[in-house]
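In what follows, a single structure is set out as structure tokens and then discussed.
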Amino acid sequence: MEIIKKFSGLTEKFTRPVVALGMFDGVHLGHASVINHALDKAKEIDGTAIVFTFSNHPLTVIAPDAAPLMIGSRNLRRDIFADMGVDVLIEIPFTKDFSRKSPEEFLELLREKISPAYVVTGPNYTFGRFGRGNGRLLLREAQNYGFKAEVCQAFTVGRKTVSSTRIRALIAAGDLNSANELLGRNFTYAGEVVNGDRRGRKIGFPTANLEISDKRAMLPNGAYIVRVKVRGQFFNGIANVGDNPTFKAQRRRLEVFIDKFSGDIYGEEIFVSFIGKLRDEKIFAGVDELKAQLNEDLRTMRNGTAD
């Protein structure tokens, strides 16, 4: 998949481009339905399947205090797009200058830079200054800008619309099973491995430690069964979300024991997918009690019996 980070990177015209427009935070089932529709249309006309999105949420510029917690990282989103079969990802920064563009200027930008044959969006997609552009305007004006437009219907599960807002609420509430159902995959936290206190190494449970960003969605504190992607390979593991109250004075972070893996991965990005919850976070009387609990968690993980 080709990734374009600036419009200056658009050095050539694409063949019959079909463009999916959206922020696509989390790339949940609703987002996937829009992108898959664009992929199908591209195959139908032997065209180029393109996702046009932003590297930052527009609200971080328009109204920073109202910006939502992001469900996934930029690299995770890129991997999902590539796995889906997207040909080109246009992922540009949303800036104050961009926020001032009218809906018509945005459509002209699409024509000038991409010359799409089709543009596909979800039902709630808005564009242009103050979000004045919507699906109705897109359908009405598309032909004036040389393309056809299609607005997909809302995607529902259990008679409720799948949305990033709903998924964020489920993650915050610890309803991992429901969040995973609406995502269409396991909730995944990606990050760079940082130095920890190395206590786990001393008791036979070395962990990869990830800082938890206050700009990202995360599950409540507790222990979880996870699947970890390291250097393109997948491993089972157990993870703890929290501030490790047994040892105190520690910032909230994600600590991951990667089963049957050894190696120095400090400074590398790993992807931690949450499968099920083992237990709530708790304070242990000492190292021996902690080690006994971790061994029990490991047995549970290997037996696949988490909630």
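The values are calculated or read from the model by the stated rules, or taken from the named source; none is laboratory data. What you see is a predicted model; the values in this text were computed from it and never measured. Note that each Cβ is placed from the backbone with ideal geometry, even for glycine, and that neighbours are counted across all protein chains shown. Note: areas computed on protein heavy atoms with side chains; ligands, DNA, RNA excluded. Shrake-Rupley method; radii C 1.70, N 1.55, O 1.52, S 1.80 Å.
Structure data summary
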read-out	value
Max mean-square fluctuation residue, GNM over the chain, Cα-Cα springs under 10 Å, options Pro64, Pro206, Pro103	Pro64
Where GluC sites (Glu not before Pro) in DSSP loops with at most 13 other Cβ within 10 Å are excluded, longest remaining stretch of the chain	13-267
Most mobile of Gln143, Gln153, Gln233 in a GNM of the chain (Cα contacts under 10 Å)	Gln233
Cβ-based net charge around Asn186, under 13 Å, with every Lys or Arg adding one and every Asp or Glu removing one	+3
Accessible area of the chain divided out per residue, in Å², using a probe of 1.4 angstrom	50
Cβ-Cβ FRET estimate between Leu10 and Lys101, R0 fixed at 25 Å, reported to 0.05	0.90
Dmax and Rg, reported as Rg then Dmax, of region 48-95 (C-alpha, Å)	12.1, 37
Environment charge at Gly237 (Cβ cut-off 13 Å; Lys +1, Arg +1, Asp -1, Glu -1)	+1
Inter-probe distance in nm under a simple model that places probes 7 Å from Cα toward Cβ, at Asp264 and Thr60	3.2
Distance in nm between pseudo-label sites at Asn144 and Glu296 (7 Å out along the Cβ direction from Cα)	6.8
Kirkwood hydrodynamic radius (C-alpha pairs) into Stokes-Einstein, the chain, 4 °C and 1.567 mPa s, D in µm²/s	61
Only Lys, Arg (+1) and Asp, Glu (-1) charged, at Cβ; the chain dipole about Cα centre in debye	280
Sulfur and carbon atoms: percent of accessible area, region 84-238 [1.4 Å]	45
Neighbourhood charge, 15 Å Cβ-Cβ cut-off, centred on Phe98 and excluding it, Lys, Arg +1 and Asp, Glu -1	+2
Rounded accessible area of Lys41 (nearest 10 Å², 1.4 Å probe)	30
For the chain, built as a Gaussian network whose Cα springs stay under 10 Å, the top-fluctuating residue of Ala38, Ala179, Ala169	Ala169
